[in-house]
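Written out below as structure tokens is the structure these notes cover.
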Amino acid sequence: MHAGDDARPGVPPIDWDVAVSTASRLVRPGPSVPVAEAEASVARLRSITAEAEGHVRELTGLGGGPLLDGVVVDRASWLRSAADGIAAMTDGALPTRTGRAAAVLAGSAGVQAGVVLAYLGSRVLGQYDPFAGESGKLLLVAPNIVAARRALGVDAADFDMWVCLHECTHRLQFTAVPWLRGYFRDQVAGFIGGLEDSAESLAARLPELLKAARGKPDPTSSSGPMGVVELMQSPAQRAVFDRLIAMSTLLEGHADHVMDAVGPMVVPSVTTIRKRFTERRKGGGLFDRVLRSLLGVDAKMKQYAVGAKFTAEVVDTVGMTAFNAIWTSPETLPLRSELSDPQAWVRRVSP
């Protein structure tokens with residue numbers, strides 16, 4: 001080590017510039033679209049986001065203030081935005097290190113992150129990033145929306161509105177619930193901050209983990225790679241993980257419920273779109289399915305279904321106004337165990 005190494009600024013564990021450059025080289029090109037069709041798609045997506053959020057506000061009773069347009073991007077722009085968003089969300093939660101070895105490790109981690117971004121970069125239809133600037137940013141990935149619409153064989157205007165309803169619901173969740181952004185960031189920071197502690201205590205807990213692995217499965221645990229991750233967590237780490245899973249499942253399921261509830265009023269072919277889109281989520285070749293499992297994409301797909309079912313049952317039981325008590329504070333969010341037992345949440349929060 002040279003004398004000046006310790007004076008250098010700390011290096012984050014992931015080099016996001018390397019991640020973006022790697023993803024940009026690996027991501028598949030978008031579909032070939034005539035210029036007129038591409039321009040029409042971009043114009044339509046940009047123009048209907050405010051309209052879509054207006055429909056979401058009317059159904060949910062949430063929100064206020066001006067209705068904002070979304071930002072229509074290509075795959076390359078989404079990659080950069082996604083990397084920036086993750087970096088902002090984890091800022092301060094991931095430890096920095098000094099020295100040449102740290103830079104090498106950060107570059108290696110950047111390559112790995114880039115592979116994941118490239119895989120997602122051709123699949124993500126839209127995204128609301130609550131950590132982009134002061135008020136967040138709603139992104140719609142035009143080539144992916146066009147590719148999905150073509151694969152499904154559905155009406156262009158209907159499908160674009162349907163996608164916008166989902167993403168606008170996410171924007172409304174964070175803009176109408178002032179504490180949600182900070183709480184989400186804190187939970188992510190708490191989870192990441194405990195990873196090193198969990199790793200250090202893993203050897204000491206190995207006999208306990210082996211016993212748990214041979215015993216009866218925990219019904220609240222995940223299966224597959226996510227289940228292995230949970231098995232390795234300390235009790236404190238598991239508590240944070242459970243809160244993150246419960247919150248993300250609620251956010252995704254609530255958005256899916258809203259897009260389908262609004263759908264019949266503004267998307268005439270919503271039933272066809274939902275049926276074909278659900279089948280598409282299950283599809284893909286063997287390699288694609290393995291990657292989805294390894295990256296946790298399949299687990300996220302389950303979140304949509306579980307969260308939507310939870311939302312629908314609570315709304316059917318107490319109505320949308322009483323359901324909105326869920327946004328009152330962190331204490332009124334559903335527990336992970338309540339996701340499969342919505343009536344338990346009703347008894348606890350909205351008796």
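General remarks:
- Cα→Cβ-extended label distance, 7 Å offset, between LEU68 and ARG123, nm: 2.8
- Mean Cβ neighbour count within 10 Å, used as a protection proxy, ranking 52-58, 344-350 highest first: 52-58, 344-350
- Peptides 165-172, 304-311, 32-39 ordered by average Cβ neighbours within 10 Å, highest first: 165-172, 304-311, 32-39
- Cα gyration tensor shape for the stretch 31-183, rounded if a/c is under 1.5, else prolate or oblate: oblate
- Potential lengthening of the chain between SER269 and THR317 amounts to 14.6 nm, from the contour at 0.36 nm per residue minus the alpha-carbon distance.
- Distance between the 7 Å Cα→Cβ label points at LEU105 and LEU152: 4.3 nm.
- Just so you know, the averaged projected area of the alpha carbon convex hull for the stretch 102-191 sits at 7.8 nm².
- Taking only alpha carbon atoms, the stretch 34-73 gives an Rg to Rh ratio of 1.12, where Rh is the Kirkwood radius.
- Placed amide H near VAL71: partners under 5 Å, 5+ positions off or other chain: LEU138, LEU139, LEU140
- Projected label distance in nm at ALA87 and ALA236, using a 7 Å step from Cα toward the beta-carbon: 3.0
- Cα extents of the stretch 301-346 along the three principal axes, largest first (Å): 26, 22, 17
- In this structure the amide hydrogen of VAL11, modeled in the peptide plane, comes within under 5 Å of the amide hydrogens of ARG97, THR98, none closer than 5 places in sequence on its chain.
- The fraction of Cα-Cα pairs per 5 angstrom bin, counted from 0 for the stretch 56-104, comes to 4, 14, 11, 13, 14, 18, 11, 5, 3, 5, 2 percent, rounded to whole percents.
A short reminder: the numbers here are calculations on the coordinates, not readings from a lab. Just so it is clear, the structure is predicted and the values come from calculations on it, not from any experiment. Virtual Cβ from ideal backbone geometry, glycine too; neighbours counted across all protein chains shown.
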